[in-house]
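S.K.: The structure's right below; bear with me while I get my questions together.
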Amino acid sequence: MKKITTLSIALMAIFGVCQAQKNLSTKKSKEIMKNKEAINAFYNQALTVNDDTRPTTILTPLMATGYKSSSSTAVKSAEQLMEQLEFFWKIVPDLKWEPQTIVNDDNIYIVRSLASGTPNGDFMGIPTDGKKPFNIMTIDMHTMKDGKFVSTYHVEDWATAMKQLIPKGGNSSKDEAKSTMDIANAFMSAMGKGDMEAMSNLMHDDMVWQNAGDKSLPWIGPWKGKKVILKDFLPSFGANFQTIKWEPNDALSRGDTAAYFGQMIGLLKTSNTKTSEFTYALRVKVKDGKVILWNWFEDSFEVSRAYHNK
């Protein structure tokens with residue numbers, strides 16, 4: 001009798017464990033289903049342009065508190081992401097974001113997609129006319145919880161999109177000169193807006209930023225390589241120099257080279273001293289649809305004077 005009772009208790013314990021595991025599995029399955037529904041809405045209703053809704057309407061209830069969307073150059077909040085998507089919908093009216101593969105490991109979902117569209121307007125610093133489409137691959141890694149996005153890390157092949165949207169200029173020297181000027185203007189526009197992502201996409205990996213002058217100034221170059229420019233030069237320059245006036249007077253291009261001439265005034269932040277107005281010149285070279293040389297000429301004596309407050 002005692003053996004039977006012990007056996008019964010053991011069987012009940014095993015049954016309890018099995019039931020608990022079943023309940024846990026059911027709960028997990030429901031959460032996975034909710035997560036996949038959210039991911040489906042993210043790509044098919046928020047990233048892909050449609051007539052039924054808007055990105056903000058779809059994403060607002062799907063974003064967890066404190067959500068962050070991170071790329072190699074920027075981190076966006078949920079509000080900033082939705083604002084960017086609303087802009088994309090306006091400038092790329094046929095935007096499609098089509099998932100090809102979804103891989104799931106616990107609460108992590110990796111999505112490989114194909115993104116396509118035909119921009120019409122200033123797209124990431126590139127002037128477009130609604131005639132040239134782009135088709136690129138994207139990879140996103142989402143952290144999900146109970147049907148909501150906690151965080152996203154994303155990589156898009158915007159470099160390929162740029163090449164598809166900007167003519168390489170192989171047909172004639174006139175076409176090449178126009179392409180060079182378009183790329184240089186796009187880079188200058190992105191720099192003026194502080195759009196680091198657009199700047200990064202327009203920079204050649206071997207880019208050189210050349211600016212001669214007083215070597216005691218921390219941003220004086222040359223700076224070689226895209227990574228060095230992004231990591232070392234731009235933060236140093238931004239921390240020390242503020243452009244008060246920037247007035248281009250002339251611009252011209254030939255082949256792979258563009259040149260600009262104008263007037264400017266700067267504020268040296270360390271001394272809180274303005275420069276007098278001086279003439280600048282800029283030589284830009286483009287290779288493979290990207291800026292490979294940014295050769296800056298300025299009144300280096302005047303900049304040094306203001307930096308040292310002399």
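S.K.: Taking the criterion of being closer than 14 Å to residue 36 by Cα and touching a His at 6+ places or on another chain (Cβ under 6 Å), would at least one residue in segment 99-108 satisfy it?
M.R.: no
S.K.: For residue 157, work out the one condition from (1) surrounded by fewer than 22 Cβ atoms within 10 Å (Cβ to Cβ); (2) closer than 16 Å to residue 43 by Cβ it doesn't fulfil.
M.R.: (2)
S.K.: Take the residues in segment 160-181 that are in a helix (DSSP H, G or I), open to solvent by less than 40 Å² (accessible area, probe 1.4 Å) and not hydrophobic (A, V, I, L, M, F, W, C), then tell me which one is modelled with the highest pLDDT.
M.R.: Ranking the qualifying residues of segment 160-181, first place goes to 180.
S.K.: Would you check which residues across segment 280-296 are touching a residue at least 40 places away in the same chain (Cβ under 8 Å) and hydrophobic (A, V, I, L, M, F, W, C) and list them?
M.R.: 284, 286, 291, 292, 293, 294, 296
S.K.: Okay, moving on. Give the residues of segment 184-232 that are under 22 Å from residue 298 (Cα atoms) and polar (S, T, N, Q), sorted by residue number.
M.R.: 185, 189, 210, 211, 216
S.K.: Going by the structure shown, is residue 223 touching a residue at least 12 places away in the same chain (Cβ under 8 Å), over 26 Å from residue 177 (Cβ atoms) and surrounded by 14 or more Cβ atoms within 10 Å (Cβ to Cβ)? Can you show your working first?
M.R.: Working: touching a residue at least 12 places away in the same chain (Cβ under 8 Å): yes; over 26 Å from residue 177 (Cβ atoms): yes; surrounded by 14 or more Cβ atoms within 10 Å (Cβ to Cβ): yes.
Against the criterion (touching a residue at least 12 places away in the same chain (Cβ under 8 Å), over 26 Å from residue 177 (Cβ atoms) and surrounded by 14 or more Cβ atoms within 10 Å (Cβ to Cβ)), residue 223 qualifies.
S.K.: Residues in segment 104-144 that are buried (at least 20 other Cβ atoms within 10 Å of the Cβ) and not in a strand (DSSP E or B): how many?
M.R.: So the answer is 3.
S.K.: Next question. Might you let me know whether segment 278-296 holds any residue that is touching a helix residue (DSSP H, G or I) at 6+ places or on another chain (Cβ under 9 Å), assigned to a helix (DSSP H, G or I) and not acidic (Asp, Glu)?
M.R.: No, because not a single residue in segment 278-296 is touching a helix residue (DSSP H, G or I) at 6+ places or on another chain (Cβ under 9 Å), assigned to a helix (DSSP H, G or I) and not acidic (Asp, Glu).
S.K.: So which residues in segment 92-103 are more than 15 Å from residue 162 (Cα to Cα) and open to solvent by less than 30 Å² (accessible area, probe 1.4 Å)? Give the steps one after another, and end with the answer.
M.R.: Start the filter on segment 92-103 by keeping residues that are more than 15 Å from residue 162 (Cα to Cα), which leaves 93-103.
If the condition is that a residue be more than 15 Å from residue 162 (Cα to Cα) and open to solvent by less than 30 Å² (accessible area, probe 1.4 Å), then 95, 97 are the ones that fit.
S.K.: Tell me, which residue of segment 39-93 that is over 21 Å from the mean Cα position of the chain (by Cα) and not in a helix (DSSP H, G or I) is nearest to residue 103 (Cα to Cα)?
M.R.: Among those that are over 21 Å from the mean Cα position of the chain (by Cα) and not in a helix (DSSP H, G or I), it is 64.
S.K.: Can I ask one more? Does residue 65 fit the bill of being loosely packed, with under 10 Cβ neighbours inside 10 Å and either at pLDDT 95 or above or of a type in the set (A, V, I, L, M, F, W, C) (or both)?
M.R.: Taking the combined requirement at face value, the residue satisfies it.
S.K.: A further question follows. Could you say whether any residue in segment 215-238 is among the small types (Gly, Ala, Ser), over 22 Å from residue 305 (Cα atoms), in contact with a Ser or Thr (Cβ under 8 Å, 6 or more places away or on another chain) and outside any strand (DSSP E or B)? Break it down into steps so the answer makes sense when it comes.
M.R.: So in segment 215-238, the residues among the small types (Gly, Ala, Ser) come out as 216, 221, 225, 236, 238.
The next check asks that each one be over 22 Å from residue 305 (Cα atoms); those that pass are 225.
Checking which are in contact with a Ser or Thr (Cβ under 8 Å, 6 or more places away or on another chain) leaves us with none.
Looking through segment 215-238, none of the residues is among the small types (Gly, Ala, Ser), over 22 Å from residue 305 (Cα atoms), in contact with a Ser or Thr (Cβ under 8 Å, 6 or more places away or on another chain) and outside any strand (DSSP E or B).
S.K.: Ok, one more. Six or more apart or on different chains, Cβ atoms under 9 Å: show the pairs whose first residue is in segment 126-147 and closer than 20 Å to residue 35 by Cα and touching a residue at least 40 places away in the same chain (Cβ under 8 Å) and whose second is in a strand (DSSP E or B) and among the basic types (Lys, Arg).
M.R.: As it stands, the answer is 138/112, since those pairs meet every condition given.
S.K.: Any idea which residue in segment 240-259 is most open to solvent (accessible area, probe 1.4 Å), counting only those that are touching a residue at least 60 places away in the same chain (Cβ under 8 Å) and not hydrophobic (A, V, I, L, M, F, W, C)?
M.R.: Residue satisfying both the conditions and the ranking: 254.
The values are calculated or read from the model by the stated rules, or taken from the named source; none is laboratory data. This structure is a prediction, so every number in the text was calculated from the model and none was measured. As a convention, Cβ positions derive from the backbone with ideal geometry for all residues, glycine included, and neighbour counts pool all protein chains shown. Ligands, DNA and RNA are excluded from the accessible area calculation, which covers all protein heavy atoms including side chains. Shrake-Rupley method; radii C 1.70, N 1.55, O 1.52, S 1.80 Å.
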